[in-house]
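J.: Questions regarding the structure given below will be posed in turn.
Laboratory data are not the source of any read-out in this text; all were calculated from the coordinates shown. Just so it is clear, the model here is predicted, and its values are computed rather than measured. Cβ coordinates were reconstructed from backbone atoms using ideal geometry, including for glycine residues, and neighbour counts include every protein chain displayed.
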Amino acid sequence: MAKKKKRAARLATRSRRPIAARRSTARQPIRQTLDLNACEQFLLHEARLLDDGKFEDWLKLFTPEAWYWVPSEPGQADPFETVSLIYDDRRLLETRVRRLLSPRMYSQEPRSRTSRIVGNLTIEESGKDGYTVRSKFMMIEYRREQQRLFGGTALHRLVQSGGRIMIAWKRVDLVNCDAPLDGITIPF
Amino acid sequence: MHVMSEDLSNLVQPGRVHRQIYTDPAIFDLELERIFGVAWIYVGHESQVKSPGDYFRTFIGKKPVVLVRDAAGDIRVIHNQCAHRGSLVVANDNGNTDEFMCCYHGWTYHLDGRLKAVPLQHGYPENFDPSNPKTAMTQVPRVRSYRGFVFASAAADGPSLEEFLGHMATSLDDMIDRAPDGEIEIAGGVFKHAYDGNWKLYLENLCDAAHPIFTHRSSIDAAQQQSDAVHSDGTGEIAIRQMRQNGAPYSFWESQVGIWTYPNGHSYLGDYHDDAKLVAALKDPVFRDYIAAMEKKKGKAETRRVMEVRRWNSNVYPNLSFMSQFQQLRVVHPVAVDRTVVHTYNFRLKGAPEQMFRNTISFANTVNGTGSLVLTDDLEIYNRIGMGLSSAGAEWIEIGRGYRSDLPDAHGGRRGVNSTSEVYIRNMLDAWLGYMTAPTLSSPASGGGKYPAA
């Protein structure tokens, strides 16, 4: 009984707590021009957070209205009329990250280890509200005696907010997005 | 290794099953022959081949086949194999063509599989007959469509599709009845997810009402703790509701949800996510528009009847599972005794508001998505069963929940005393045993034939 109460209390304190809620959603004007180097440093930082399993910190890189998308088809036009390997609006992305932190996420017991290489950066488009950066990535995922290799193209929409670079949206096109795939649990 | 029928009949016993049927490659090979080579196997939907020349490449068991609409507009299922050297003829997943051509020596075929032309024909023996129906991309002997759902049987004789489906046809009816225009079409792409486990495990989980609260604990907790006050473009709404509902207590499953089973291994789980829980029922403007469209086309009484059909997953043994409420369909493809690929599709309800289909897509991403917060834990279970069954620690595994409490069903089936009963697994394995131990109708040709023995 005591155990049950304790659990209920713990859930109560945790419930409805938004992950990494931001105090202000006001977008700051761009203060500096982002060069390719700044973008690359940012993407490397993001890749490192993911490889280190710091998913809460990774989530903090996203704006409050952000979305994260891994299409199921090459050149997929939108995430609403066709299924996606992952399509998360902010609310689902927070849920995804909270689940990744759960000790009862059995598809991550044992945990995966990943190693990413990010490169071939180009700035595809830049305007006063942000930059679209295209990059290539390769990710090795090791879990329970099996190693998988993923690769593809990422598009990041980067904006500046409060002097920081943030992700307004991210699209990841896997080379084998339409292949039969075992479960995908670690974000790309 | 030769597995005798009498050995097989010992592997399924009251309330338990031997692990061997999930792990033995010889039994897997026999299943391809005696189940996938005999039963009505779901192949595809007519909306995937709307016009003459449209084709869709798939498999019956492990045999590559093509679902095609021929020049006359008839649906055909033909073996995807050139009669010359056996090469796969159709390599694309789908498309439209006037004819099929093998890229090895240029043999061409009509859309119904008949041989059309052979280059260098004078080089073949005099008795080579291009019109021989066996020198063709041969047709699967029996192909039938139930209201657009195409099934094929590699057995020349056997029960009709209608007999095979029995009362389960009403679940297929429900898919179609939910469309205001009375028509549905496959749309929105396909998921192909895979696991290292036996094909039978997949359908055996789809009506399992006792697992969500354990297996899906991480997504239940994550969704229940999720603030609804953050930004959402609306796509996560159904996903969050579905994950939260997975946390319903046992008392709910035991008192409000049922499980029904029918001959030939078919079954369905009663609806535990009724519309009120997932689409906020009439408070949701999209759903209100949908009901209005339904009532306009079908009348109030029929609309009410359709909305009161509450079925979660419906399984047509051995390779099909679908869910009418959110227009999902899954096709199980056995790859090896310990490897399975599942293709999942969505249907668009013609005449329904556009947003309904977006909800369908959003739902698919949650329950069938390869990167879903829910399905990934099911895939983990299949993998773990695959690994666990490789141990002889427990020779026999339990399928006894609810055993001896099954109840007769008005339509000739049996239902569980409540939804957590494993009656549907026992029912599948009864069908399995029936197929696997049935006397073979025809023996394979033994030696001899055209050429003298060496």
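J.: Ranked by Cβ crowding within 10 angstrom, fewest neighbours first, how are B:VAL316, B:VAL38 ordered?
T.: With the sparsest Cβ surroundings first, the list reads B:VAL38, B:VAL316.
J.: Over what distance in Å are the Cα centres of segment B:328-346 and segment A:28-88 separated?
T.: 31
J.: Toward the positive end of the charge dipole of segment A:29-174, about the Cα centre and with charges on Cβ (Lys, Arg +1; Asp, Glu -1), which of A:LEU121, A:SER84, A:LEU101 goes farthest?
T.: Looking along the dipole axis, the top candidate is A:LEU101.
J.: Ok, one more. When a footprinting reagent is the concern and you count Cβ atoms within 10 Å, what order do A:LYS170, A:LYS136 take, fewest first?
T.: Lowest to highest Cβ neighbour count: A:LYS136, A:LYS170.
J.: Taking the alpha-carbon centroid of each part, what is the distance from segment B:195-231 to segment B:77-104 in angstrom?
T.: 40
J.: How big is the charge dipole of segment A:29-174 about its Cα centre, in debye rounded to the nearest 20, if each Lys and Arg gets +1 on its Cβ and each Asp and Glu gets -1 on its Cβ?
T.: Here segment A:29-174 has a charge dipole of around 500 debye.
J.: Tally Lys/Arg at +1 and Asp/Glu at -1 over every other residue whose Cβ is under 14 Å from the Cβ of B:TYR55; what's the total?
T.: Charge balance near B:TYR55 sits at -4.
J.: Calculate the dipole size of chain B relative to its Cα centre from +1 charges on Lys and Arg beta carbons and -1 charges on Asp and Glu beta carbons; express the result in debye to the nearest 20.
T.: 360
J.: Take the Cα atoms of the protein assembly as shown, find their three principal axes, and give me the spread along each one in whole Å, biggest first.
T.: So the three principal-axis extents are 84, 64, 59 Å.
J.: Another one. So how do B:MET428, A:MET138 line up by other beta-carbon neighbours within 10 Å, fewest first?
T.: The fewest-first ordering by Cβ neighbours comes to A:MET138, B:MET428.
J.: May I ask you to give the average projected area over all directions of the convex hull of the Cα atoms of chain B, in nm² rounded to one decimal?
T.: The orientation-averaged projected area of the Cα hull of chain B comes to 24.9 nm².
J.: Taking every DSSP beta bridge that has both residues in the protein assembly as shown, what percent is antiparallel when rounded to the nearest 5?
T.: Counting DSSP beta bridges with both partners in the protein assembly as shown, the antiparallel share is about 95 percent.
J.: Taking chain B as a whole, which cysteines find no other cysteine Cβ under 4.7 angstrom from their Cβ?
T.: B:CYS103, B:CYS207
J.: Continuing with the same structure: So, counting K/R as plus one and D/E as minus one, what does the shell of residues with Cβ under 12 Å around B:TRP107 add up to?
T.: That works out to +2.
J.: For the protein assembly as shown, give the magnitude of the charge dipole about the Cα centre (Cβ charges: +1 Lys/Arg, -1 Asp/Glu; no others), in debye to the nearest 20.
T.: 2460
J.: Please report, in cubic angstrom per residue, the volume enclosed by the convex hull of the alpha-carbon atoms of segment A:29-174.
T.: It is 119 Å³ per residue.
J.: Quick check: net charge around B:ASN383, other residues with Cβ under 11 Å of its Cβ, Lys/Arg +1 and Asp/Glu -1?
T.: Spelling it out: positives minus negatives among the neighbours equals -2.
J.: Give me Rg/Rg_expected for segment B:46-154, where Rg uses Cα atoms only and Rg_expected = 2.2 N^0.38 Å with N residues.
T.: Computed over Cα atoms of segment B:46-154, the ratio equals 1.05.
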